[in-house]
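Notes to accompany the following structure.
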Amino acid sequence: MYHKKEKIVNKAEFLKGYAMDRSNLRESIKVIRQVGEDIKKGRIVVIFPEGTRSKQGNIMGEFKGGSFKAAQNAKAPIVPVAMIDCFKPFDTKGLAWVDCQIHYLAPIYFEEYQDLSTQEIADLVKSRIQAKMDEVLKK
């Protein structure tokens, strides 16, 4: 929770984002539809398809196919993002300098993924991110 002019607002509202209660299917569908409408209107949306923060360093968790439903419904491009060492500020004690990397990869346009299931889209995005992470971490 954050304080804003004496009013407490939740993080999702503060960031103009959406929070999804994964235990409530109806509410989740509403959120996916609203995000899809926002995308159609030109809003850029960041989605973490694992559903939670990885606590295994640079090892990604499983991507949830449903996280790509809004992009699929909006026929929007998907821009995979490889985040390297971005876990360190959260997992490192103290105030040491941390070097994080964010790599924006080539967009995946609707024409490329239109015939795929949402889980196949998730697997495609994850494989591209993993390839970039492998490339960078080998250096």
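Accessible surface area normalised per residue over the chain is 74 Å², counting heavy atoms of protein chains with a 1.4 Å rolling probe.
The GNM of the chain, with springs linking C-alpha atoms under 10 angstrom apart, assigns the highest mean-square fluctuation among 125, 46, 98 to 98.
A helix-only calculation puts the chain at -11000 deg cm²/dmol for mean residue ellipticity at 222 nm, using -39500 (n - 2.57) for each DSSP H run of at least four residues, averaged over all residues.
Computing the accessible area with a 1.4 Å probe over protein heavy atoms, can you report the carbon and sulfur percentage for the chain?
Numbers: 5710 of 10320 Å².
Of the solvent-accessible surface of the chain, carbon and sulfur hold 55 percent.
On the basis of the beta-carbon distance and an R0 of 25 Å, residue 25 and residue 135 show a calculated FRET efficiency of 0.05. Taking label points 7 Å from Cα along the Cα-to-Cβ direction, residue 44 and residue 59 give a separation of 3.2 nm. Largest mean-square fluctuation among 73, 58, 24, in a Gaussian network model of the chain whose springs join Cα atoms under 10 Å apart, belongs to 24. In this structure, the residue pairs whose Cα-Cα separation is over 21 Å, taken from 41/126; 41/75; 16/40; 88/139, are 41/126.
The values are calculated or read from the model by the stated rules, or taken from the named source; none is laboratory data. The structure displayed is predicted, hence computed values, not measured ones. Here the Cβ is made from the backbone with ideal geometry for all residues, glycine too, and neighbour counts use every protein chain on show. Ligands, DNA and RNA are stripped out before the accessible areas are found, and what is left, the full protein with its side chains, is counted by its heavy atoms. Shrake-Rupley method; radii C 1.70, N 1.55, O 1.52, S 1.80 Å.
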